[in-house]
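Input: a single structure, listed below in structure tokens.
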Amino acid sequence: MADPRPPVCSYEGSDYQTSFWDQGGRSYEDQVEAVALRRLLPISGKLLLELGAGAGRNSPRYAGFERVVLLDYSLTQLQQAMKRLGQSPCYTYVAGDIYRLPFVAGLFDAATMIRTLHHMVDAPLALRGVRRVLRPGAAFILEYASKHNLKAILRYLLRRQAWSPFTLEPVEITELNFDFHPRAVRGWLAECSFALQRQLTVSHFRLGMFKRLLPLSFLVWLDSLAQLTGDWWQLSPSVFTLSRAVGDTPTAPPTITPVGFFQCPSCGSADLAETPDTLSCPTCAHTWPVVDGIYDFRSA
């Protein structure tokens, strides 16, 4: 029987943090994303879910929250994050599938998904799962790669690319790497019970020419100004949105222990038993390993 779940993009064993961020000339992208997060992120909160956390590049930026749960499909990326951030009570590390989030409903009062939606074959399914684990009123910061950017529009008008930046369907740039139309993303957010509050356009000056000719601090300042046009038009390659979870949905009881966060992604039971090395589900008899302090919910 074929697996009905959408395919997952895994960075297992990748040196993405080092090759792309640390040594890849991406200081501009990193800093303008930090500006966007500062503008959108609540000042404080109790429990934040970082979806697609990778090696923890953004995790220190959520310092106003009492606890941050880092979720990524790659165990090795989370191991890098743990090395960077440490085994602190402020951080919980979870290897899991965004399509099958292993958390009880209504748990988090905030979530972020940065540079992650573009790996989703079924973006609405992923967003529905995120909404399920958020409390009513929770903040959700989503970043997505936009197909409706100036470079793509110009290339299309000059007939240098076949796909249209004006249509609503996603375009797969490379395998499991999708660009989305802003209007389509706004529609999905509304369908998944999110109320859009703000949009920021980010990375306007990503071209190598700008990076070579202009100082980094000046580029970041220019981008910080251009971001403020995001509610008017979205013509940049990256768009950040702030939404609120709306609707009368369940709220999880408060808990301070990670085991209280989880539900079995196989059967949905929240009655899990914990040992130092496993979480087990009495309902479906599935056992989930805990690997060096990382809860691993990937097998199903």
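Key figures for this structure:
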{"item": "In region 58-68, the residues that are within 12 Å of the chain's Cα centre (by Cα) and in contact (Cβ under 8 Å) with a residue 40 or more places away in the chain", "result": "Asn58"}
{"item": "Exclusive hit being β-branched (Val, Ile, Thr) and closer than 22 Å to His204 by Cβ, set Thr167, Thr112, Thr92", "result": "Thr112"}
{"item": "Residue, farthest from Leu107 (Cα to Cα), within region 140-161, restricted to residues that are touching a strand residue (DSSP E or B) at 6+ places or on another chain (Cβ under 8 Å) and among the aromatic types (Phe, Trp, Tyr)", "result": "Tyr144"}
{"item": "Residue count, region 62-105 (criterion: of a type in the set (Gly, Ala, Ser) and within 25 Å of Asp271 (Cβ to Cβ))", "result": "3"}
{"item": "Failed condition for Arg198, given (1) touching a residue at least 40 places away in the same chain (Cβ under 8 Å); (2) basic (Lys, Arg); (3) surrounded by fewer than 17 Cβ atoms within 10 Å (Cβ to Cβ); (4) assigned to a helix (DSSP H, G or I)", "result": "(4)"}
{"item": "Residues of region 94-119 classified as closer than 19 Å to Met82 by Cα and β-branched (Val, Ile, Thr), total", "result": "3"}
{"item": "Answer from Leu216, Leu225 - the residue that is at pLDDT 95 or above, more than 25 Å from the chain's Cα centre (by Cα) and farther than 23 Å from Met113 by Cβ", "result": "Leu216"}
{"item": "Residue tally, condition free of Cβ contacts under 8 Å to residues at least 60 places away in the same chain and more than 18 Å from Tyr73 (Cβ to Cβ), over region 89-146", "result": "2"}
{"item": "Given (1) touching a strand residue (DSSP E or B) at 6+ places or on another chain (Cβ under 7 Å); (2) among the hydroxyl-bearing types (Ser, Thr, Tyr); (3) modelled with pLDDT under 95, index of the condition Ser88 fails", "result": "(1)"}
{"item": "Residue in region 141-150 that is at pLDDT 95 or above, surrounded by fewer than 19 Cβ atoms within 10 Å (Cβ to Cβ) and either within 15 Å of the chain's Cα centre (by Cα) or at positive phi (or both) present", "result": "no"}
{"item": "Residue within region 22-29 that is without any contact (Cβ under 8 Å) to a residue 24 or more places away in the chain and acidic (Asp, Glu) present", "result": "yes"}
{"item": "Scan of region 147-172 for residues that are touching a residue at least 12 places away in the same chain (Cβ under 8 Å) and part of a strand (DSSP E or B), ordered by number", "result": "Val171"}
{"item": "Number of the condition not met by Ser164 [criteria: (1) touching a helix residue (DSSP H, G or I) at 6+ places or on another chain (Cβ under 8 Å); (2) within 22 Å of Ala245 (Cα to Cα)]", "result": "(2)"}
{"item": "Hits in region 109-118 (condition: under 14 Å from the mean Cα position of the chain (by Cα) and either in a strand (DSSP E or B) or crowded, with 21+ Cβ neighbours inside 10 Å (or both))", "result": "Ala110, Ala111, Thr112, Met113, Ile114, Thr116, Leu117, His118"}
{"item": "Candidates Gly56, Gly45, filtered to the one that is under 24 Å from Pro89 (Cβ atoms) and touching an Asp or Glu at 6+ places or on another chain (Cβ under 6 Å)", "result": "Gly45"}
{"item": "Condition met for Ser243 (polar (S, T, N, Q) and without any contact (Cβ under 8 Å) to a residue 60 or more places away in the chain)", "result": "no"}
{"item": "Subset of region 174-195 (residues that are within 26 Å of Phe140 (Cα to Cα) and exposed (fewer than 15 other Cβ atoms within 10 Å of the Cβ))", "result": "Asn177, Arg183, Gly187, Ala190, Glu191, Ala195"}
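The values are calculated or read from the model by the stated rules, or taken from the named source; none is laboratory data. These figures come from a predicted structure and were not determined experimentally. We place every Cβ from the backbone using ideal geometry, glycine too, and count neighbours over all the protein chains shown.
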